[in-house]
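Asks: First the structure, then my questions, so here it is.
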């Protein structure tokens, strides 16, 4: 009896484990991500940037009310004279930093949402508060749906979505290419419109890519021969050119496969058509009811159902 | 009238002990900080940051706490699927702890969510997002908590059926005669409640098995999905833990934690409530653990070899240290259980079950926090207030357990041990006498 049931037990474990393991293993082959170059984005050229931060102030001016942004006081700033965010955060959507390798070798770098072709944040948001617009490809956030679980922050490989930790009614803050403000009114994002050095180019992804490769071709000595964002994480609509290795500028090295594709493949295989859970439930019901019946006949003294 | 429920009994003894007040104080400290969090924001009480958006509330209360609350799941598999009815006496206390574990995991999610008032979106089909493992976890956990409550209702119905309503009567006597209800009227109404409970119980029992099976299916789904949650963090989670097998590892992990915690729970409650140990049942449970852990350990090792990460595991750095600790705790704990003599000693059972729970829980911490590195410059260690909220929630769990085992027939009957009923009416009669407060 004991051995018999031990074997049964192993069977149950093995079946359950087999279902999950099988799906994990077969999840390899699936449809490939199609890159849509008609979507809009930006090309930031770090070699043209002069670090004036006009983009930062334009972004905050334009999106302050709609995007719940605010000016930030730094720890050194007792008189309140600066807007001095130290990083992207719950008050700041875009930021210029200066990477200093030495006094001769340095580079500005601008941070804001990468607007991925296959965004992780959209893939993980449980209530569809993060969405990717069909035509423009803009990754947008809706605070009226968001539950504040911060899974988008965990998922984003670029650490872009920021949370308002100090507020009783917080929200996620991230760039939406001025979708509801400057883009709607003037057809261009505020940072790209303002940039006096021509370091930020706004446009369709195919045009931006063409331009980027053109620049690489014309000035091979000036740049690292790589368009950051062309293939990273399945491709992004916000892309970079720079003279310094991108990982030194705080842009992580990311494989060409979109992380969201990997996780979705596994999740989809397990839950395809909801067949596996239903099958599991029916099988278990069958076994359990059979077991209960056996015990009903055996004698009603000791083991009945839950109560009796 | 109480002749057919000897499998379980209420705990005899006082509810308002010293431990009760200490736990209550801890709960109140925790809830004070919960209040601060709602007034001043999450940043005011926690050290979470944009790099570490999930702290111990998610890692412990949700990811680890629900695994520890898997006793009900693991024992239900054993009893109803594997058809081992001799473990049936253990199931009610296991379900009770699962109920508290999951209920309070849900509560701490509401503390952790930034915009909890929007949580109704989970019930609006147009907002559903089936790609998200979080969506699956949320719906499953909500459904499972409901199922656990339904599974526990028979115990409450039994209590209602057998209650003498002493507290109720005392409250009535204490009230001013002008506002107190008419005593005869009240007795009639209470009798109606009792009859209602008596009517409902057999009907519920008939369909209960379908809820029980649902209570096995749902954890299978969401415990694996708790692993899936971190699949997306391919650039942040250390390669020692980031694998396509995360869902499988989390599922197996919760099963062996479930059995180990059922053992610990029984040993601890027997020790602290001064009841005889259920060594026979427990060694039988302990016998099963190594089979699950061996599969888990082989998947872990096989996966590391397949992905070429064995070197990283033995490197001796910070990550490898935590990995080896987790791995060895589970492995050594399981090895101990292979020895028959140790399986039959409450002391060794405790040691090995504790090692397995710790190792299994550390695995979850490793995946959610320790192995999670969002990039340069981010650090996380929970703040005092953050820890106190978690401690308060755990204290509430223990408190609730203590009160419930005194109010409702939950613990296995020591007189009719192991479901074999010998003495029928005796424990029932005893039950009421020392417990006037509980009526």
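Please treat every number below as a calculation from the coordinates, not as lab data. Being a predicted model, the structure only gives us computed values, none of them experimental. A quick note on method: Cβ atoms are made from the backbone with ideal geometry, for glycine too, and the neighbour counts reach across all protein chains shown.
Asks: Pick from A:131, A:92, A:283: which is most flexible by mean-square fluctuation in a GNM of chain A where alpha carbon atoms under 10 Å apart are linked?
Replies: Residue with maximal mean-square fluctuation among A:131, A:92, A:283: A:283.
Asks: Could you compute how fast the protein assembly as shown diffuses translationally, taking Rh as the Kirkwood radius over C-alpha pairs and applying Stokes-Einstein at 37 °C with viscosity 0.692 mPa s? Give it in µm² per second.
Replies: Values: Rh = 28.4 Å.
Once the numbers are plugged in, D ends up at 116 µm²/s.
Asks: Let me ask you something else. Can you give the direction-averaged projected area of the convex hull of the alpha-carbon atoms in region B:107-258, in nm²?
Replies: Numbers: hull surface 58.3 nm².
Taking the Cα atoms of region B:107-258, their convex hull projects to 14.6 nm² on average.
Asks: When the gyration tensor of chain B is built from Cα positions, what are the square roots of 5 times its three eigenvalues, in whole Å, from largest to smallest? Please report the intermediate quantities before stating the final value.
Replies: Details: eigenvalues 313, 150, 79 Å².
The answer is 40, 27, 20 Å, longest axis first.
Asks: So what is the orientation-averaged projected area of region B:202-265, using the convex hull of its C-alpha atoms, in nm²? Don't skip to the answer; put the middle values down first.
Replies: Values: hull surface 23.9 nm².
Seen from a random direction, the Cα hull of region B:202-265 projects 6.0 nm² on average.
Asks: Under a 10 Å cutoff between Cα atoms, tell me which one of B:91, B:370, B:261 has the largest fluctuation in the Gaussian network model of chain B.
Replies: B:370
Asks: Let me ask something additional. Relative to the longest principal axis of the C-alpha atoms of chain A, give the angle of the C-alpha long axis of helix A:54-67, reported between 0 and 90° and rounded to the nearest 10°.
Replies: 40
Asks: As I understand it, the value is the acute angle between the Cα axis of helix A:259-270 and the longest principal axis of the Cα atoms of chain A; what does it come to in degrees, rounded to 10?
Replies: 20
Asks: Follow-up. So if I take the alpha carbon set of region B:274-320, get Rg, then get Rh from the Kirkwood formula, what is the Rg over Rh ratio? Walk me through the intermediate numbers first.
Replies: Numbers: Rg = 17.4 Å, Rh = 13.4 Å.
Across region B:274-320, the Cα-based Rg/Rh ratio is 1.30.
Asks: For all pairs of alpha-carbon atoms in region A:151-302, what percent lies in each bin of width 5 Å, listed from the first bin to the last filled one?
Replies: 2, 7, 9, 12, 14, 11, 10, 7, 5, 4, 4, 4, 3, 3, 2, 2, 1, 0
Asks: Further, regarding this structure: What does the structure give for A:163-171 when I average, per residue, the other chain Cβ atoms found within 10 Å of the residue Cβ?
Replies: Numbers: counts 8, 4, 11, 5, 6, 8, 4, 6, 2.
Going residue by residue through A:163-171 and averaging, the value is 6.
Asks: In deg cm²/dmol, rounded to 500, what helix-only [θ] at 222 nm does chain B give when every DSSP H run of at least 4 residues adds -39500 (n - 2.57) and the total is split over its residues?
Replies: On the way: 15 runs with 279 residues, N = 439.
Rounded to the nearest 500, it is -21500 deg cm²/dmol.
Asks: Please grab the % of Cα pairs in region B:230-350 that end up more than 27 Å from each other.
Replies: Working: 2101 of 7260 pairs.
So the portion of pairs separated by more than 27 Å is 29 percent.
Asks: Please give the calculated 222 nm ellipticity per residue for chain A, where each DSSP H segment of at least 4 residues contributes -39500 (n - 2.57) and the sum is spread over every residue; nearest 500 deg cm²/dmol? Display every interim value, and only then the final one.
Replies: Working: 9 runs with 109 residues, N = 308.
Computed ellipticity for chain A at 222 nm equals -11000 deg cm²/dmol.
Asks: Taking beta carbons within 10 Å but only from partner chains, what does the mean come to for residues A:283-293? Display every interim value, and only then the final one.
Replies: Working: counts 3, 10, 8, 1, 6, 11, 4, 1, 8, 6, 0.
Average neighbour count from other chains, rounded to a whole number: 5.
Asks: Here is a further query. Across chain A, how large is the tail of the calculated P(r) beyond 31 Å, expressed as a percent of all Cα pairs?
Replies: Values: 20864 of 47278 pairs.
Summing the P(r) of chain A above 31 Å gives 44 percent of all pairs.
Asks: Another question about this same structure. State the Kirkwood hydrodynamic radius of region B:229-280 in Å, one decimal place, computed from all pairs of distinct Cα atoms. Before the final figure, lay out each step's value.
Replies: Numbers: mean 1/r = 0.0736 Å⁻¹.
Across region B:229-280, the inverse of the average 1/r is 13.6 Å.
Asks: Give me the percent of Cα-Cα pairs in region B:43-126 that sit more than 18 Å apart, rounded to a whole number. Each step should come with its number before you reach the end.
Replies: Numbers: 1999 of 3486 pairs.
Summing the P(r) tail past 18 Å for region B:43-126 gives 57 percent.
Asks: For region B:40-73 and region B:211-275, what is the separation of their C-alpha centers, rounded to whole Å?
Replies: 15
Asks: Between B:129, B:86, B:309, find the one with the highest GNM mean-square fluctuation for chain B; connect C-alpha pairs within less than 10 Å.
Replies: With Cα springs under 10 Å in chain B, the top fluctuation among B:129, B:86, B:309 is at B:129.
Asks: Roughly how many whole Å is it from the C-alpha centroid of region B:7-38 to that of region A:69-110?
Replies: One Cα centre to the other: 47 Å.
Asks: Quick check: convex hull of the Cα atoms in region B:273-403, volume per residue, rounded to a whole Å³? Kindly include the intermediate steps, with their values, before the conclusion.
Replies: Numbers: hull volume 19.1 nm³, N = 131.
That works out to 146 Å³ per residue.
Asks: Moving on to the next point. Give me B:256, A:76, B:32 sorted ascending by neighbouring Cβ count inside 10 Å, so fewest comes first. Working shown, then result.
Replies: On the way: B:256 29, A:76 8, B:32 15.
Fewest-to-most ranking of B:256, A:76, B:32: A:76, B:32, B:256.
Asks: Let me check I have the definition right: for region B:251-301, take the eigenvalues of the Cα gyration tensor, multiply each by 5, take square roots. What are those semi-axes in whole Å, largest first? Walk me through the numbers before you get to the answer.
Replies: Details: eigenvalues 134, 22, 7 Å².
They are 26, 11, 6 Å, listed from largest to smallest.
Asks: Note down the relative contact order for chain A as a percent, whole number, built from C-alpha pairs under 8 angstrom at least six residues apart. Don't skip to the answer; put the middle values down first.
Replies: Working: 465 pairs, mean separation 71.8, N = 308.
About 23 percent, as a whole number.
Asks: Between residue A:74 and residue A:253, what's the calculated FRET efficiency when r is the beta-carbon distance and R0 is 30 Å? Round to 0.05.
Replies: Details: r = 30 Å, r/R0 = 1.01.
Efficiency at R0 = 30 Å is approximately 0.50.
Asks: Here's another thing I want to ask about it. Hey, what angle do you get for helix B:384-407 against the long axis of chain B, alpha-carbon based, 0 to 90 degrees rounded to 10?
Replies: 30
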